[in-house]
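Colleague: Below you will find the structure I want to go over with you.
Values in this text are rule-based calculations from the coordinates and carry no lab data. Computed from a predicted structure; not experimentally measured. Counting neighbours? That spans all protein chains shown, and the Cβs are built from the backbone with ideal geometry, glycine included.
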Amino acid sequence: MSYVVLPSFEVSDENLDAFLEAAHADATQSVADEPDCLQFDVCIDRAASPTRVTFYEVYTDRAAFERHLETPHLAAFRDSLHLCTEGPVQFFDRLIP
């Protein structure tokens, strides 16, 4: 069983490119630098809500996610949060890979 985190963000049109660049850096570094980060996707539903960004993050367990919260690349991403309004974060136990 793995641990899934789904944070969401509302981003204005004028800030979307800068926010996505920061999100891409965080996602790329998470997968490259954290052995227990199994997947990190940055998603947009262009038809329904093109400025709502959702992350799909998969970790081996909750402890791995807690370690992710202390990484330098997440700290760098947090510097971009002024570009958005943070939405809810959902947490799931992934039962079937």
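Colleague: Nearest 10 degrees, 0 to 90: what angle lies between the long axis of helix 13-33 and the longest principal axis of the chain (Cα atoms)?
Modeller: Approximately 20 degrees, to the nearest ten.
Colleague: Using a Förster distance of 30 Å, how high is the FRET efficiency between residue 75 and residue 47, based on the Cβ-Cβ distance and rounded to 0.05?
Modeller: For R0 = 30 Å, the calculated efficiency reads 0.35.
Colleague: By how many nm would the segment from residue 1 to residue 21 grow when fully extended, if each residue of separation counts as 0.36 nm and the alpha-carbon distance is taken off?
Modeller: Extra length available between residue 1 and residue 21 comes to 4.1 nm.
Colleague: Once the Cα gyration tensor of the chain is found, what semi-axes does its equivalent ellipsoid get, as square roots of 5 times the eigenvalues, in whole Å, sorted largest first?
Modeller: Working from the Cα gyration tensor, I get semi-axes of 22, 16, 11 Å.
Colleague: Can you tell me the relative contact order of region 2-91? Whole percent, Cα pairs under 8 Å, sequence separation 6 or more.
Modeller: 48 percent
Colleague: Restricting the calculation to Cα positions, tell me the Rg (one decimal) and the Dmax (whole number) of region 1-58 in Å.
Modeller: 12.1, 39
Colleague: Follow-up question, since we're still on this one. Divide by every residue of the chain the summed helix terms, -39500 (n - 2.57) for each DSSP H run of at least 4, and state the resulting mean residue ellipticity at 222 nm, rounded to the nearest 500 deg cm²/dmol.
Modeller: -11000 deg cm²/dmol
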